[in-house]
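Heads up: the structure comes next, in structure tokens.
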Amino acid sequence: AMPAATGASPEWLLGLVGGGGLQSLQSCALRKGDGGAGLDLEASELGYLVEAVEPEPGQDAKLQPGTMVIAIEGAPLIGLDEDALAGVFGDRFRDGASVLLVSAEELRAALAGQSLHGRLAHIPFSQPCGEASRATLQSDLATFAKHTGVAAELCGPAHSPASGVVLSGPREKLIAARLELGALLAHHGLGAGGAAPRGEKRSAGDSVEVGGLVMQSLPARNRRRRSAAAMEEEQAEAEEDSAGGAPGPGGAEGDNGDAAERAKAAADSAPEGKELHQYEYMDHTADVVLHSWGTSLTEAIAQVCVCFFSYMTDLERLDVVTSVEVEASGHDMVDMLYHLLDEFLFSFGTTFIMCRRVEILEFDEKNLRIKAKGWGEKFSLEKHPQGTEIKAITMHQMKILTPTTLTTEE
């Protein structure tokens with residue numbers, strides 16, 4: 001059994017487990033030697049489970065088998081898929097990094113039956129928040145949280161300036177809140193740009209930058225500007241990749257073999273044959289309408305997903321080095337399609353992976369369940385053109401036409 005908690009639970013954790021938090025909650029500093037951290041970690045939806053601890057480099061006694069690492073340097077590790085988990089951990093993995101620990105058994109019991117998908121989001125600052133502006137930012141975040149209906153909490157390494165914000169709450173509210181947070185952070189000089197003032201329109205050629213992502217209106221497509229979701233910095237990852245790869249939780253630095261193998265596996269698993277571009281954008285007074293077609297219903301559905309990503313960047317600039325899988329269901333065909341696109345939107349918002357190819361893996365037309373896989377790579381400001389961020393999926397004018405049926409939103 002682990003000792004009793006030695007510190008207060010972060011707000012995002014209390015929002016998940018409720019009550020007085022977790023009795024086994026503890027924190028310690030990671031040790032990292034020439035051969036890594038000497039930890040055997042298993043990825044899970046709850047974070048990294050410690051399965052074994054090597055004698056070297058001499059970890060804190062709190063890090064023991066059966067412990068779950070649920071945060072590092074203030075960034076939550078709960079509710080992430082395996083790739084995102086490795087990314088968040090790897091970006092902050094260093095000697096002396098602060099980690100939050102809890103008994104895996106207690107955590108599983110506290111979260112039994114809960115869906116963690118999309119209930120947490122970590123948004124890093126463009127620069128650390130100084131103590132002089134911390135109080136004002138906290139006050140503004142409290143107002144922001146009340147307005148959006150989500151919890152907003154400053155986070156970062158212990159005894160250091162805050163380096164980001166953790167949002168927690170219902171998935172639907174969290175997506176909308178992330179889109180609004182950019183303007184608030186820009187006001188405090190911790191992000192960049194924001195939406196145009198209410199009632200004002202941006203002219204063609206204007207640009208807006210949020211979290212390092214510059215969006216420019218493209219009149220040739222009659223596009224409507226969207227507020228960009230706060231995007232995590234890709235520069236550190238790019239520098240690590242060019243230097244030979246980021247260190248893993250338990251391995252030595254400079255080993256990018258695993259990443260190369262994953263990229264090769266993704267490329268090998270991508271659909272064969274010519275890429276289809278059976279879609280178009282249609283004018284609308286308020287939004288953009290994505291129109292796709294195909295020789296089968298599944299082909300048309302896959303193409304509208306490709307169209308979704310095409311609107312945000314030039315797909316020809318995307319390499320096939322990774323993949324994502326999403327699943328959705330609905331009470332009718334249109335509702336199912338809505339949720340499928342929404343799952344791809346959420347996937348992009350959390351992993352920043354753009355897909356140039358999409359294939360429907362499973363489609364249960366009777367029970368209205370669908371599973372899709374997309375192939376592409378993470379969006380990079382240095383490599384990929386910046387289109388228009390899609391803020392949300394709506395059912396307005398959504399319809400599915402087959403040779404024998406017409407299903408609409410009504």
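When all protein chains stay in place and ligands, DNA and RNA are ignored, the 1.4 Å accessible-area order of Arg119, Arg171, largest first, is Arg119, Arg171. Note on segment 117-161 and segment 312-365: Cα centroid distance 30 Å, given to the nearest whole angstrom. Model label sites at Leu381 and Ala135, defined 7 Å from Cα along the beta-carbon direction, differ in position by 3.2 nm. In segment 386-406, which residues have a backbone nitrogen under 13 Å from the label point lying 7 Å from Trp293's Cα in the Cα-to-Cβ direction? Taking a point 7 Å out along Cα→Cβ of Trp293, the residues of segment 386-406 whose backbone N falls under 13 Å are 401-403. Working from label points 7 Å from Cα in the Cα-to-Cβ sense, the His117 to Phe363 distance is 2.0 nm. Keeping all protein chains in position, work out how much accessible area Tyr281 exposes to a 1.4 Å probe, and write it in Å² to the nearest 10. Here the residue's solvent-accessible area equals roughly 60 Å². In square angstrom, rounded to the nearest 10, how much accessible surface does Ser98 have for a 1.4 Å probe? My reading of the accessible area for Ser98 is about 40 Å². What residues of segment 47-83 lie in the reach of a label at His159, counting those whose backbone N is under 14 Å from a point 7 Å from the Cα along Cα→Cβ? Within reach of a label on His159: no residues.
Taking a threshold of 27 Å on the Cα-Cα distance, which of the pairs Lys366/Lys399; Lys146/Lys378; Lys146/Lys371; Lys274/Lys371 fall above it? Mind showing how you got there, number by number?
Numbers: Lys366/Lys399 18 Å; Lys146/Lys378 33 Å; Lys146/Lys371 36 Å; Lys274/Lys371 22 Å.
Violating the 27 Å limit, Cα to Cα: Lys146/Lys378; Lys146/Lys371.
Determine the gain in length on full extension of the stretch Arg94-Gln64; use 0.36 nm per residue of separation and subtract their C-alpha separation, reporting nm with one decimal. All intermediate terms of the calculation are to be shown ahead of the outcome.
Values: separation 30, 0.36 × 30 = 10.80 nm, distance 1.87 nm.
My answer for the length gained is 8.9 nm.
FRET efficiency for the pair Ala142 and Asp34, taken as 1/(1 + (r/R0)^6) with r the Cβ-Cβ distance and R0 = 45 Å, rounds to 0.50.
The values are calculated or read from the model by the stated rules, or taken from the named source; none is laboratory data. Bear in mind the structure is a predicted one, so any value in this text is a computation, not a measurement. Positions of Cβ are backbone-derived with ideal geometry, glycine not excepted, and every protein chain shown enters the neighbour counts. These area figures cover heavy atoms from the full protein model, side chains too; ligands, DNA and RNA do not enter into them. Shrake-Rupley method; radii C 1.70, N 1.55, O 1.52, S 1.80 Å.
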